[in-house]
1. Can you tell me which residues in the range 35-47 are within 11 Å of the ligand (Cβ to nearest atom) and either touching a helix residue (DSSP H, G or I) at 6+ places or on another chain (Cβ under 9 Å) or outside the structural domain of ALA66 (by TED's automatic domain parsing) (or both)?
2. Need pairs with beta-carbon distance below 6 Å; first residue in contact (Cβ under 8 Å) with a residue 60 or more places away in the chain and within the range 57-79, second within 6 Å of the ligand (Cβ to nearest atom) and polar (S, T, N, Q); sequence gap 6+ or separate chains.
3. Consider LEU17 carefully, then state whether it is hydrophobic (A, V, I, L, M, F, W, C) and outside any loop (DSSP other than H, G, I, E, B).
4. Go through (1) away from the ligand (no atom under 12 Å from the Cβ); (2) in a loop (DSSP other than H, G, I, E, B); (3) surrounded by fewer than 20 Cβ atoms within 10 Å (Cβ to Cβ) for LEU32 and report which single condition fails.
5. Counting only residues that are under 14 Å from ALA76 (Cβ atoms) and not small (Gly, Ala, Ser), which one in the range 37-54 is farthest from the chain's Cα centre (by Cα)?
6. Got a number for residues in the range 112-124 being touching a Ser or Thr at 6+ places or on another chain (Cβ under 8 Å), more than 11 Å from the ligand (Cβ to nearest atom) and either part of a helix (DSSP H, G or I) or aliphatic (A, V, I, L, M) (or both)?
7. Which of the residues that make up the range 66-94 are surrounded by fewer than 20 Cβ atoms within 10 Å (Cβ to Cβ) and small (Gly, Ala, Ser)?
8. Inspect all residues belonging to the range 88-111 and state whether any of them is polar (S, T, N, Q) and away from the ligand (no atom under 12 Å from the Cβ).
Amino acid sequence: MNERHPVAQNPNYVPALGRPELTGFYDHAIALLTRERRWRTALLELVVPSPGETILDVGCGTGSFAIMMKRQCPAARVIGVDPDPVVLEIARAKAIKAGIAIGWTEAMGDELARTGIGPVDKAVSSLVFHQCPLPMKRAILAAMHGTLRPGGALLIADYGEQRSRTMRFLFRQIQRLDGFENTQPNADGVLPKLFAAAGFERVVERQSIPTPTGSISIYASAPNGGNYGICLHVNMLTCGQLAAQGLFDQPKVENMGRDKHASHEYQNWYRHPFLAWPRR
Ligand SMILES: C[S@@+](CC[C@H](N)C(=O)[O-])C[C@H]1O[C@@H](n2cnc3c(N)ncnc32)[C@H](O)[C@@H]1O
């Protein structure tokens, strides 16, 4: 363990798999124990990475989700931040192997301001908050809020409220690895309250996905500047219907069939949980 490693510097820091010596097994463990494809896909469907935007992944670990986002939309700029140089090394190697360019930055989630990253369009984080002490959960959310541009979106996947006896029982496996003190607030449903306290005006738990290690919740929230009043599940509607209702300006919608980029932008807006569409 080198002196720079967060474990050496911060007794409250918990590494990816609970103990530093397990980090090399992280990807296998997550694939085996969390229904990884299911929840990562659900998160990605809400993020909708789009050309030209900057997306920040806080506590990116071995980079699996950052790589997924960049693969989905190579024209988006993706930045992964994590305090652990060992996981970042794994992330870098995976991205190089995949031929994908991601900006990796070594920092704690509460140190985003000093990294100079931002403003970003979307801030995402997966499986990080459950293993942080309460003050750190708060500090990371405050830092994410400070990094987002007005109207930007926050998207989180993590072990959330464990609502059934079975899920609480299964979640104990994670609690034994990552510690009860840090994980219990998540199991008790603290996250939405922390989002609100950090200034995220609207928080929606979009899904709670049962896994062999407890339920993983997908949350989507947005800070300020967006048109949050219009919170429709419009992905059920076609863009034509939306245009008919006057929700989109007609020429742009008509252009969608011809202009791939415009089409992508509209996909982003109409699938976005809060429809924080730009007023251009
Ligand atoms: C369980 S892993 C999740 C990694 C990745 N996000 C994923 O979805 O696979 C938790 C990660 O959070 C990082 N982490 C722990 N405390 C952190 C903090 N205070 N700020 C930022 N990252 C932190 C760890 O280094 C680890 O890589």
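The values are calculated or read from the model by the stated rules, or taken from the named source; none is laboratory data. Here the structure is a predicted model, which is why all the values come from computation and not from measurement. Don't worry about glycine lacking a Cβ; one is built from the backbone with ideal geometry, like all the others, and counts go over all protein chains shown.
1. Within the range 35-47, GLU36, ARG40, LEU43 meet the criteria.
2. Pairs that qualify, where the first residue is in contact (Cβ under 8 Å) with a residue 60 or more places away in the chain and the partner is within 6 Å of the ligand (Cβ to nearest atom) and polar (S, T, N, Q), are PHE65/SER126.
3. In short, no.
4. It fails just one condition, (2).
5. Restricting to residues being under 14 Å from ALA76 (Cβ atoms) and not small (Gly, Ala, Ser), the top hit is PRO51.
6. Number satisfying all stated conditions: 5.
7. Across the range 66-94, the qualifying residues are ALA75, ALA76, ALA93.
8. No, the range 88-111 has no match at all.
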